[in-house]
Amino acid sequence: MSVDRSVARQGVIDALPLVVPAIPFGLVIGLAITTSGMNQLVGWSSSWLIFGGAAQLTVITLLGSGVAVAAAVSTALVVNARHLMYSAALAPTFQSQPRWFRWLGPYVLIDQVFALTSVRPEEEPVRFRTYYLAAGATFWTIWQAVVALGLLIGPVVPEEWNLEFAIPILFIGLLVIGIDQWPKVVAAAVGAGITYLAADLPSRTGLLVGAAVGILAGTIAERFRHG
Amino acid sequence: MVDLAAIAVVGLGTYIFRALFIIALARKRIPEPVLVALQFVAPAVMAALIVALLTDSEGNVAIGVPEVAAFLVGGAVAYRTKNHVWTLFAGMAVYWLVRALV
């Protein structure tokens, strides 16, 4: 039992430094909910219904900006498609886990939980599960609180600060931080260019067209890289 | 109601992405072309989102000097530090500063 407790404590301790960058992110999502004009409780519930910052920010800002609902939902889903890779990478480790954990574990499989747990595939199953749940619960709890805090802060800050400009800044950060090879620059440039050219498509669906063509362009550039 | 339904659908889809291989396809692998395409999802979508947020439905870009300055500095800081916190602080600081000056 004491081993379990020390493993759980390690999960929490390892999670904390990764939580810090998520705090302003969560605050910005709270702001985005306020700016979008949607019901605040509905907006906040995205924190536990989706539990993924980039997709939450995407669907909330798009719903608030007059994009067709289907386009907003599809874009947010495309943003989260990367989780398929995490699921595939952790599947072998999860085979030695009980059924309840195979169903519960994926719910908290965010980028940070993947980063912490994918490096421990050889861990004894109970220790792995304890560590995973401790880290996941830490992120989950802090995330719910931080997004709620963002909702409270938004209306207090003077309007002329234009704090909602933090939303596109955060998207720029997400874009640039993810770029580690030139085909990704191609994907981004083509995605941006096509979205701009397709801006007059009905219900702002040009966004989806731009994203799709950008992904295709990146894939083609990748082929050249390995030429 | 529409907002809640939209968020719930995104939540369900996200859970399926996270659970699919763990629950159902443990012995399956993702085909190589799909893996390659998945790498480019984030840059393509983020870039498209930024453009969509900054243009109106007629394709007019609605930003001025403070915004452009903030994007350039924010982007540079993101590239150097790989850190959202610094990116946000630097971007907002430059935005406020330039806005006060011009």
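Residue count for segment B:1-37 satisfying the condition of being of a type in the set (Lys, Arg) and under 25 Å from the mean Cα position of the chain (by Cα): 1.
Within the set A:Trp103, A:Trp140, the sole residue that is under 24 Å from A:Ile23 (Cα atoms) and within 14 Å of chain B (Cβ to nearest Cβ) turns out to be A:Trp140. Within segment A:32-46, being in a helix (DSSP H, G or I), surrounded by fewer than 24 Cβ atoms within 10 Å (Cβ to Cβ) and not aromatic (Phe, Trp, Tyr) holds for A:Thr34, A:Thr35, A:Ser36, A:Gln40, A:Leu41, A:Val42, A:Ser45. Can you name the residue in segment A:42-84 that is more than 7 Å from every other protein chain (Cβ to nearest Cβ) and within 9 Å of the chain's Cα centre (by Cα) and is also farthest from A:Ile169 (Cα to Cα) among such residues? Among those residues, the one meeting the criterion is A:Phe51.
Hey, can you tell me all the residues within segment A:189-227 that are assigned to a loop (DSSP other than H, G, I, E, B), surrounded by fewer than 17 Cβ atoms within 10 Å (Cβ to Cβ) and among the β-branched types (Val, Ile, Thr)? Residues satisfying the conditions do not exist here.
Of the residues in segment A:2-20, at least one is surrounded by fewer than 17 Cβ atoms within 10 Å (Cβ to Cβ), among the acidic types (Asp, Glu) and more than 7 Å from chain B (Cβ to nearest Cβ).
For the criterion of being among the aromatic types (Phe, Trp, Tyr), modelled with pLDDT under 90 and within 17 Å of A:Leu62 (Cβ to Cβ), A:Phe224 fails. Condition (residue is more than 7 Å from chain A (Cβ to nearest Cβ), part of a helix (DSSP H, G or I), surrounded by fewer than 16 Cβ atoms within 10 Å (Cβ to Cβ) and out of contact with any strand residue (DSSP E or B) (no Cβ under 8 Å at 6 or more places or on another chain)) applied to segment B:49-65: is it met by at least one residue? Yes, that holds for at least one residue.
For segment A:98-113, a residue qualifies if it is within 14 Å of B:Phe21 (Cα to Cα) and not aliphatic (A, V, I, L, M), and the qualifying residues are A:Arg99, A:Phe101, A:Arg102, A:Trp103, A:Gly105, A:Pro106, A:Tyr107. Selection of segment A:47-56 for residues being closer than 17 Å to A:Ile142 by Cα and either hydrophobic (A, V, I, L, M, F, W, C) or surrounded by fewer than 22 Cβ atoms within 10 Å (Cβ to Cβ) (or both) yields A:Trp48, A:Leu49, A:Ile50, A:Phe51, A:Ala54.
In segment A:212-222, the condition of being in contact with a Leu (Cβ under 7 Å, 6 or more places away or on another chain) and within 7 Å of another protein chain (Cβ to nearest Cβ) is met by no residue. The set of residues in segment B:20-34 that are part of a helix (DSSP H, G or I), facing chain A (nearest Cβ under 7 Å) and surrounded by fewer than 22 Cβ atoms within 10 Å (Cβ to Cβ) comprises B:Leu20, B:Ile23.
The values are calculated or read from the model by the stated rules, or taken from the named source; none is laboratory data. Fair warning: this is a prediction, and the values are worked out from it, not measured in the lab. Quick reminder, even Gly has a Cβ in these numbers, built from the backbone with ideal geometry, and neighbours come from all protein chains shown.
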